[in-house]
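Working notes, structure below.
The values are calculated or read from the model by the stated rules, or taken from the named source; none is laboratory data. As the structure is a computational prediction, the values presented were derived from the model and not from experiment. All Cβ positions, even for glycine, are placed from backbone atoms using ideal geometry, and neighbour counts span all protein chains on display. For accessibility, only protein heavy atoms count, side chains too; no ligands or nucleic acids. Shrake-Rupley method; radii C 1.70, N 1.55, O 1.52, S 1.80 Å.
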Amino acid sequence: MRRNETSQPGRARRFLSPDITWSDARLIRACLSGNEHAWTTLIAKYKNLIYSIPMKYGAGPEDAADIFQAVCLELFSELARLRKPDSLRSWLITVAAHQSFHWKRKVRHRAEDELTDLEAEKLGVDPAPNLIEQVEREQMLREAVAALPARCQELVRLLFYHQPQLSYQEVAARLGLATGSIGFIRGRCLRRLQGTLEKWGF
């Protein structure tokens with residue numbers, strides 16, 4: 001009996017390996033159960049979303065990093081009280097936008113002579129009124145790409161996100177594929193991506 005009791009937890013731990021394709025509800029349950037890897041995965045899943053919001057408010061890398069840390073701290077302290085796990089994405093957007101707004105208001109209060117013309121111009125422009133919808137769609141796209149098979153993920157990254165832009169020959173060389181196969185694989189991967197986005201209501 002004791003042997004079974006001690007072996008079961010070990011067996012469960014071997015199968016518990018959170019990744020960003022897990023639902024928010026599943027990741028939150030794992031976080032609240034004390035799984036540190038689940039917390040790391042949850043932050044990785046939403047890192048780009050959180051960072052994108054202060055950047056849209058005109059924050060530079062350092063200020064955006066400070067806001068990111070503030071949002072993560074608030075998430076850590078409030079996670080157990082989050083009533084609807086499926087609303088986590090919207091909650092994070094709201095918190096990040098709130099932190100970014102207060103950062104921008106604070107910076108605007110600085111003496112005018114402390115700001116460069118470029119900083120003043122950036123701070124004078126507020127994000128689009130459809131900010132929440134925009135960043136939610138961006139996050140949905142990130143998650144749909146993450147749900148693709150590994151080769152498709154890498155192909156999409158190299159073709160659409162790499163700077164400077166790579167040619168088919170360069171992409172083929174990095175993936176160890178024939179140049180002539182890139183177009184076919186690209187089409188197949190994009191159809192998978194489109195299917196996932198349509199299923200999610202993109």
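Out of all the residues in the range 191-202, which are open to solvent by 50 Å² or more (accessible area, probe 1.4 Å) and without any contact (Cβ under 8 Å) to a residue 24 or more places away in the chain? If you could, list the steps in order and put the result at the bottom.
Let us first name the residues in the range 191-202 that are open to solvent by 50 Å² or more (accessible area, probe 1.4 Å), namely 191-192, 194, 198-202.
Listed by number, the residues that qualify are 191, 194, 198, 199, 201.
Filtering the range 172-182 for residues that are charged (D, E, K, R) and at pLDDT 85 or above leaves a non-empty set. Given the criteria within 25 Å of residue 44 (Cα to Cα), exposed (fewer than 12 other Cβ atoms within 10 Å of the Cβ) and hydrophobic (A, V, I, L, M, F, W, C), does residue 178 qualify? Criteria not met by residue 178.
Determine whether the range 153-173 contains at least one residue that is open to solvent by less than 60 Å² (accessible area, probe 1.4 Å), touching a residue at least 40 places away in the same chain (Cβ under 8 Å), out of contact with any Ser or Thr (no Cβ under 7 Å at 6 or more places or on another chain) and in a helix (DSSP H, G or I). Outline the logic, then answer.
Residues of the range 153-173 that are open to solvent by less than 60 Å² (accessible area, probe 1.4 Å), as a first pass: 155-156, 158-159, 162, 166-167, 171-172.
When the remaining residues are screened for being touching a residue at least 40 places away in the same chain (Cβ under 8 Å), the result is none.
No.
Among the residues that make up the range 127-140, is at least one of them on the phi > 0 side of the Ramachandran plot and either in a loop (DSSP other than H, G, I, E, B) or surrounded by 11 or more Cβ atoms within 10 Å (Cβ to Cβ) (or both)? The answer is no; no qualifying residue exists.
Scanning the range 181-190 for residues that are within 23 Å of residue 141 (Cα to Cα) and open to solvent by 30 Å² or more (accessible area, probe 1.4 Å) returns 183, 184, 186, 188, 190.
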